[in-house]
Amino acid sequence: MPDRTKRIVKYRKAGDMWHYATGVAHLPVQWSSWMSHTRPHPPTLEELQADFVRQQRVLANARLIAQRDQEERERLRITQSSSTPGELDEIALNEVQGKASRAVTSEAPPPTAASPTATPLPNRPADDNYQPESWSPKTLRRGG
């Protein structure tokens with residue numbers, strides 16, 4: 001087995017090493033994986049630039065989400081401060097009912113007795129000494 005070559009970083013200034021070692025600055029993941037022999041070839045400049053653009057896009061999306069969350073918290077704070085407790089309960093109930101109705105309409109309808117996959121429930125005797133019948137699933141043969 002051939003020996004792996006040792007890959008090291010040569011910093012421009014001696015102080016730069018401490019920025020990376022203490023976590024102030026980070027080596028790009030592509031370079032870290034190449035240095036640890038996880039990838040065979042060093043990253044290209046285009047790959048590093050594309051990753052930088054992706055990181056900027058992720059940060060912009062995170063800012064948008066944080067802004068929306070802040071606006072939602074502000075809206076709730078205003079609603080709660082201007083409403084009486086009874087009105088707050090009604091608002092919360094309307095929101096829950098709205099979410100529940102949206103969830104119910106998005107689910108698939110339950111199978112009906114007319115569908116071939118639905119089996120009717122057995123008739124249960126009225127007495128209190130009911131014992132369920134034994135049951136064994138049938139095995140299915142695939143491809144045969």
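Here are the numbers for the structure shown:
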quantity	calculated
Selection from segment 4-16 of residues that are open to solvent by 80 Å² or more (accessible area, probe 1.4 Å) and either assigned to a helix (DSSP H, G or I) or at positive phi (or both)	14
Residue match in segment 119-138 (condition: open to solvent by 100 Å² or more (accessible area, probe 1.4 Å), in a helix (DSSP H, G or I) and modelled with pLDDT of 65 or more)	no
Residue within segment 44-54 that is assigned to a loop (DSSP other than H, G, I, E, B) and open to solvent by 100 Å² or more (accessible area, probe 1.4 Å) present	no
Single residue of segment 18-29 satisfying the filter (modelled with pLDDT of 80 or more and either open to solvent by less than 100 Å² (accessible area, probe 1.4 Å) or touching a strand residue (DSSP E or B) at 6+ places or on another chain (Cβ under 8 Å) (or both)) that is nearest to residue 40 (Cα to Cα)	28
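The values are calculated or read from the model by the stated rules, or taken from the named source; none is laboratory data. This is a predicted model, so every value here is computed, not measured. Cβ atoms come from the backbone with ideal geometry, glycine included; neighbour counts cover every protein chain shown. Keep in mind that these areas ignore ligands, DNA and RNA; they rest on the heavy atoms of the full protein, side chains included. Shrake-Rupley method; radii C 1.70, N 1.55, O 1.52, S 1.80 Å.
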